[in-house]
Amino acid sequence: ISGEKPLYYYQSDNKLIFSSEVKPINYLIEEKNISEEILMNYINFNFNWNNNSVFQNIFSLKPGNYIKFDLKKNKFTINKFWKYEDTYHSLKKNNNSSKIDFDGLLKNEIRKELISDVPVGTFMSSGLDSTLVTSIASTFKKDMQIYSIGYSDKNFDESERAEKISRYLDVNFNKIIFDSTDVPSLFEELTDNLDLPHTDQSDLALYLLCKNAKKNGSKVILTGDGGDEMFGGYVRHFKGPRSWNKIKYIPYPLRSLIGSIIKGIPIQEMNLNELTKSDVFSQKIIRIASRLKEIRDHDGLYKSLIMQNIDNSIYSKDILINFDEPFSNYYSHINRAPDCLSNDPIARMLYWDAISYLPDDILVKVDRASMAFSLETRAPFLDKTVAELAWRIPTD
């Protein structure tokens, strides 16, 4: 239901091709054309909503759907077997979260995920989600391996905390140092295995982690993926609604005018970063102005918070495609959040996370990096019973 594994498909007049990767499909078709609309999505978000391929007529099956192909009519239909909003509404209506033993539920799920006839390990960053999974797993299996990425730049390095946790749990710890000198070779390997454009900031680090886990003999890896998206672990889940509550009372025409005025100021030339001793102050001002100018509702605010190029600052002047459309055009075609979530801005954000950000960004990078080394990753937080419990819990 969360879209952990991809399925791409292509149909012409006389054939249906499907695969977990796009490359095999491209080998079997003659005409390959890039979709400019989908390419814009990739560049703006670093991933594509609905996880479609960048090629025309090659599509990805969405979570909770299945394809039925009629051999006689040579046609297929896409059918839903699960829908987020129906499940969410049903669970909220019959809320009994206080009666459920979440500790026991998660422990039981992790114990099942550890069943394997090959060596098992975990990825642990020292963050809450992966640490919780590793901590519980260690009570059932002491001979597993813990893998953690370390950075030569101490401002980003969390591996020392991860190592302390590993010592406390008395489990084997493997620290893999990611250095800038690794980037050229890793980039060549990764782009070949990604299959489609994808530029999450942790792509390279995760690929290196999987490479070393396989080299060390692990074949099954437990991860903390899904914890943030299920239980509201990102800063945007809290700052987003607070920001919207401040600006929603300003009429949109006035907000748009203020944003336009700020964007007309030559902020980049004013040396604001030096005055504020911040490397990103000017960029923050520009992004705020863009949000004031373009955002009309809470759903738009959410998408602006995960959009990488809200102010067009990353575009090269040599790019031939026209990217001058307003930000709102990049999400206007996406359905609004269900009515049952209308009064809960945090729940709306979790909805978008569950149906797009999680399957289209997070799970894509995990699948590509792990499959490159034939690693099987398992995410206990994405178990149906765990996810359903998360949706029962009131966001307050």
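The values are calculated or read from the model by the stated rules, or taken from the named source; none is laboratory data. Keep in mind the model is a prediction, meaning the values are calculated, not measured. For neighbour counting, all protein chains shown are included, and Cβ atoms are generated from backbone atoms with ideal geometry for every residue, glycine included. In case anyone asks, the SASA skips ligands and DNA or RNA and just uses the protein heavy atoms, side chains included. Shrake-Rupley method; radii C 1.70, N 1.55, O 1.52, S 1.80 Å.
A few remarks follow.
- Qualifying residue in segment 61-80 (condition: in contact with a Pro (Cβ under 6 Å, 6 or more places away or on another chain) and either assigned to a loop (DSSP other than H, G, I, E, B) or more than 20 Å from Y10 (Cβ to Cβ) (or both)): yes
- Candidates are the residues of segment 93-107 that are open to solvent by less than 60 Å² (accessible area, probe 1.4 Å) and assigned to a helix (DSSP H, G or I); the one that is modelled with the lowest pLDDT is S97.
- Test: residue in segment 45-54 that is more than 21 Å from the chain's Cα centre (by Cα) and more than 16 Å from L16 (Cβ to Cβ): no
- Where a residue in segment 236-260 is more than 16 Å from D353 (Cβ to Cβ) and its partner, wherever it lies, is of a type in the set (S, T, Y) and open to solvent by less than 40 Å² (accessible area, probe 1.4 Å), with Cβ under 7 Å and at least six apart: G259/S290
- For segment 210-232, the set of residues classified as over 11 Å from K365 (Cβ atoms), open to solvent by less than 20 Å² (accessible area, probe 1.4 Å) and either free of Cβ contacts under 8 Å to residues at least 40 places away in the same chain or of a type outside the set (G, A, S) (or both) consists of V220, I221, L222, T223, E229, M230, listed by residue number.
- Of the helices (runs of 4 or more DSSP H) lying entirely inside segment 284-396, the ones with 1 or more residues being basic (K, R) and modelled with pLDDT of 80 or more are found at 345-352, 363-371, 384-392.
- Residue match in segment 38-46 (condition: modelled with pLDDT of 85 or more and part of a helix (DSSP H, G or I)): no
- Filter result (within 29 Å of K303 (Cβ to Cβ), open to solvent by 20 Å² or more (accessible area, probe 1.4 Å) and not polar (S, T, N, Q)) within segment 10-31: Y10, E21
- Within segment 233-254, considering residues that are open to solvent by 50 Å² or more (accessible area, probe 1.4 Å) and either touching a Ser or Thr at 6+ places or on another chain (Cβ under 6 Å) or among the basic types (K, R) (or both), the one nearest to G300 (Cα to Cα): K248
- Filter result for E188 (surrounded by 15 or more Cβ atoms within 10 Å (Cβ to Cβ) and acidic (D, E)): no
- Residues of segment 55-78 classified as farther than 15 Å from I17 by Cα and open to solvent by 40 Å² or more (accessible area, probe 1.4 Å), total: 3
- Test for K72: is it charged (D, E, K, R), closer than 19 Å to D353 by Cβ and free of Cβ contacts under 8 Å to residues at least 60 places away in the same chain: no
- Tabulated pairs, segment 274-300, first over 14 Å from L254 (Cα atoms), second of a type in the set (K, R) and at pLDDT below 75, C-beta under 9 angstrom, 6+ apart or interchain: D297/R336; D299/R336
- Residue selection: D170 satisfies the criterion of being over 24 Å from the mean Cα position of the chain (by Cα) and either at negative phi or touching a residue at least 24 places away in the same chain (Cβ under 8 Å) (or both).
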